[in-house]
Amino acid sequence: AARDIFQSIADDSDNTSTSVRVSYVEIYNEELRDLLNNRQSSTSLTIRDDKKGNVVVEGLKEVAVRNLDQLMEVFRIGENNKSYGSTRMNERSSRSHAILKIGLEKKTIVQPAFEDKENSFSESTANVTVKTVSTL
């Protein structure tokens with residue numbers, strides 16, 4: 001799926017720019033922990049609603065990535081910071097749940113589809129930027 005994300009970005013037209021941001025959070029012993037911050041300075045995070053009514057994790061680090069290799073490196077860093085313990089069935093078992101969030105922000109510049117000589121815009125105001133935000 002991640003490969004498809006970056007292939008789709010590469011296939012976008014010249015009038016489109018896309019940014020990709022990644023966060024990785026662990027739920028362990030009923031606490032949220034940021035897997036992309038240094039474990040030594042890790043503190044429990046707080047979930048809240050923002051002004052727009054979106055659920056956000058306050059203080060969660062987001063990392064910008066430009067390609068699949070960078071995304072996988074961020075994933076590996078998070079995996080190394082996960083909590084592990086042993087069980088009767090497995091020596092190295094994750095004792096937590098983790099959420100890897102990939103956020104895409106795509107901006108596309110479009111030109112109005114009408115040609116009205118009397119009401120036409122000047123060249124500098126003719127373009128409209130359409131912003132699309134997706135979370136995976």
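The table below gives the values:
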| quantity | calculated |
| --- | --- |
| Surface accessible to a 1.4 Å probe, Tyr24 within the full protein complex, Å² | 10 |
| Gain on full stretching of the segment that runs from Thr16 to Lys131 - 0.36 nm per residue minus C-alpha separation | 40.4 nm |
| Cβ-derived FRET efficiency at R0 22 Å, Ile109 paired with Gln7, nearest 0.05 | 0.50 |
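The values are calculated or read from the model by the stated rules, or taken from the named source; none is laboratory data. Worth saying up front: this structure is predicted, and the values here are computed from it rather than measured. Glycine gets a Cβ as well: all are built from the backbone with ideal geometry, and neighbour counts include every protein chain shown. We work out accessible area using only protein heavy atoms, side chains counted, and drop any ligands, DNA or RNA first. Shrake-Rupley method; radii C 1.70, N 1.55, O 1.52, S 1.80 Å.
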